[in-house]
Amino acid sequence: MNRLSFDIDPVIEGKARLTDAQALELHEKASLHDLGAWAHAVTQRLHPEPHRTYVIARNINYTNVCTAKCTFCAFRRDHGDTDAYTLDHEQIGAKIRELIAIGGTQVLMQGGMNDRLPIEYYEDLLRYIKTSFPAVHIHAFSPPEFVEFERFFGMDVRDILRRFRAAGLHTVPGGGGEIFAPRVRKRIGIGKCTGDDWLRVMRVAHEEGMSTSCTMLIGHIEFVRDRIEHLAALRDMQDYALGLRREGTEARRHEVENRWPGVFAKSLFVSTGNSQLTTGNYAAYIHWPFQRENTPLGRAKEWDPGIHGPFDDSTNEDILRGRVVRMAGADEYLRVLAVSRLYLDNIPSIQSSWVTMGPKIGQLAMYYGANDMGMVMMEENVVSAAGTSYNLDEREICRLIRDAGWIPAQRDQFYTILRLHIGPDSPDLRPPLVVPVRNVKQIDRQFIGTAPGLDDGGDRAVRIQLPLLGEAQ
Ligand code: SF4
């Protein structure tokens with residue numbers, strides 16, 4: 001164990017808060033196993049219940065036309081591209097009907113940022129979903145979309161949020177957070193809003209009483225201190241949101257306003273003085289590593305310490321200018337997860353990112369700070385466009401949670417438990433309707449190697465039954 005320059009116990013017990021410098025020290029010096037143990041202790045303190053949760057949702061990307069050109073994105077298209085699309089109400093309605101058929105409760109709608117869609121497209125769509133599927137929770141439109149809406153519609157985000165909310169919008173997802181640091185953001189999020197604007201949209205959503213989530217994208221051109229600064233902005237803004245209508249929080253709110261002036265430069269808040277009104281806040285945080293396939297940034301050179309020297313605090317021009325990427329694997333993902341759990345003491349839930357990390361690391365994440373398995377997704381288009389194709393159904397998510405030692409529980413967007421899966425009719429305990437069968441020819445060659453008789457490149461494909469996670473193919 002590396003000795004820390006400070007006592008970690010009060011942090012674990014919730015009696016002290018990590019400073020930015022301490023978070024940096026943890027990230028750089030603590031062993032992964034220590035970090036996991038400390039973060040897990042915090043998770044157990046915050047979530048002592050015997051279950052771990054998930055939500056059944058459908059990710060609907062209503063358009064792939066986008067004015068931004070993020071270099072990590074393989075999803076966006078321009079107007080006129082043969083595979084550019086915008087979904088109409090009926091197409092979206094058909095997807096929601098499929099979601100309801102499997103017990104789903106939530107749609108996550110995010111798009112590209114399509115400058116040819118008027119505000120009526122969004123309002124009509126929200127009203128259509130609200131009227132046709134009143135039980136479905138609408139979690140939609142990330143901060144970068146709202147910032148573009150301000151430009152497209154000539155309105156302030158506060159007015160747009162009020163109109164969308166009246167039309168049916170419930171909560172705002174935290175997509176597009178990436179890394180707030182301008183040096184990084186302007187290189188990877190070309191045409192996308194600044195970090196200040198991302199935080200401003202969420203500030204306004206919270207002031208308007210809406211719940212949101214927050215995100216971070218790691219493993220590209222960012223330094224570790226950029227990650228800590230990103231977490232600091234989230235924790236500060238959560239303090240601001242939680243203190244908004246509470247007595248005795250003025251000094252802390254002023255501290256936050258002074259530290260992040262750009263977040264408060266527009267969309268001013270006029271307090272009504274009514275302490276009965278509720279404010280929103282970040283209900284959950286999630287981070288994931290950059291996926292490189294099919295993306296412009298993915299063509300950048302990979303960091304090689306022998307050639308480029310140290311990454312953080314580098315004087316290497318390629319690193320400073322973002323021409324070299326430092327990818328994050330499972331260990332880095334878990335390290336950042338644990339530091340995030342220890343640092344973000346005011347954000348109640350942290351989701352596992354099994355979509356990018358796969359089922360096993362996604363499961364392990366529950367021992368490194370995650371208390372939630374996120375969404376059982378019927379559809380995922382953005383990450384899969386960048387080469388990641390993990391897809392788990394409810395049965396598999398439940399099995400991962402149970403095997404890790406908790407009772408699986410389906411929740412809604414507000415983390416209210418809808419179903420606690422105890423009995424034999426639990427999704428993972430009832431007999432499967434279809435026994436998983438995989439065609440050997442389709443199994444990753446790395447997994448089976450060149451085992452004679454299985455797949456030696458010939459045409460002797462055989463069907464075998466494997467005890468693997470996955471749907472029948
Ligand atoms: S990540 Fe989102 S905002 Fe960026 S180019 Fe892709 S679709 Fe557009």
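The values are calculated or read from the model by the stated rules, or taken from the named source; none is laboratory data. These figures come from a predicted structure and were not determined experimentally. Neighbour counts are summed over all protein chains in view; Cβ atoms, including those assigned to glycine, are modelled from backbone coordinates with ideal geometry.
Summary of values
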| item | result |
| --- | --- |
| G248 being out of contact with any helix residue (DSSP H, G or I) (no Cβ under 9 Å at 6 or more places or on another chain) and surrounded by fewer than 20 Cβ atoms within 10 Å (Cβ to Cβ) | yes |
| Sole residue being more than 16 Å from the ligand (Cβ to nearest atom), surrounded by 13 or more Cβ atoms within 10 Å (Cβ to Cβ) and of a type in the set (A, V, I, L, M), chosen from A41, A74, A101 | A41 |
| Per-region count, the range 44-71, residues within 16 Å of the ligand (Cβ to nearest atom) and over 24 Å from K186 (Cβ atoms) | 5 |
| Residue in the range 137-154 that is more than 23 Å from the chain's Cα centre (by Cα), closer than 17 Å to A205 by Cα and in the same structural domain as Q110 (by TED's automatic domain parsing) present | yes |
| Test: E178 is over 21 Å from F414 (Cβ atoms) and among the acidic types (D, E) | yes |
| Criterion (assigned by TED's automatic domain parsing to the domain that holds S353 and more than 23 Å from R151 (Cα to Cα)) met by exactly one of H79, H51 | H51 |
| Filter pass, F180 being assigned to a helix (DSSP H, G or I), within 23 Å of the chain's Cα centre (by Cα), within 16 Å of the ligand (Cβ to nearest atom) and buried (at least 20 other Cβ atoms within 10 Å of the Cβ) | no |
| Answer from I190, I138 - the residue that is of a type in the set (A, V, I, L, M) and away from the ligand (no atom under 16 Å from the Cβ) | I138 |
| Unique match (being in contact with a Leu (Cβ under 7 Å, 6 or more places away or on another chain), modelled with pLDDT of 95 or more and either over 30 Å from L117 (Cα atoms) or not hydroxyl-bearing (S, T, Y) (or both)) among L24, L18 | L18 |
| Residue in the range 152-171 that is within 15 Å of the ligand (Cβ to nearest atom) and of a type in the set (A, V, I, L, M) present | no |
| Looking only at the range 77-93, and only at residues there that are among the charged types (D, E, K, R) and within 14 Å of the ligand (Cβ to nearest atom), the one that is farthest from R187 (Cα to Cα) | D83 |
| Candidate set from the range 106-131 (those that are touching a strand residue (DSSP E or B) at 6+ places or on another chain (Cβ under 6 Å) and of a type outside the set (A, V, I, L, M, F, W, C)); member that is farthest from T212 (Cα to Cα) | N114 |
| Test: residue in the range 184-198 that is in a helix (DSSP H, G or I) and closer than 29 Å to T105 by Cα | yes |
| Number of the condition not met by N114 [criteria: (1) more than 16 Å from the ligand (Cβ to nearest atom); (2) of a type outside the set (K, R); (3) under 27 Å from T295 (Cβ atoms)] | (1) |
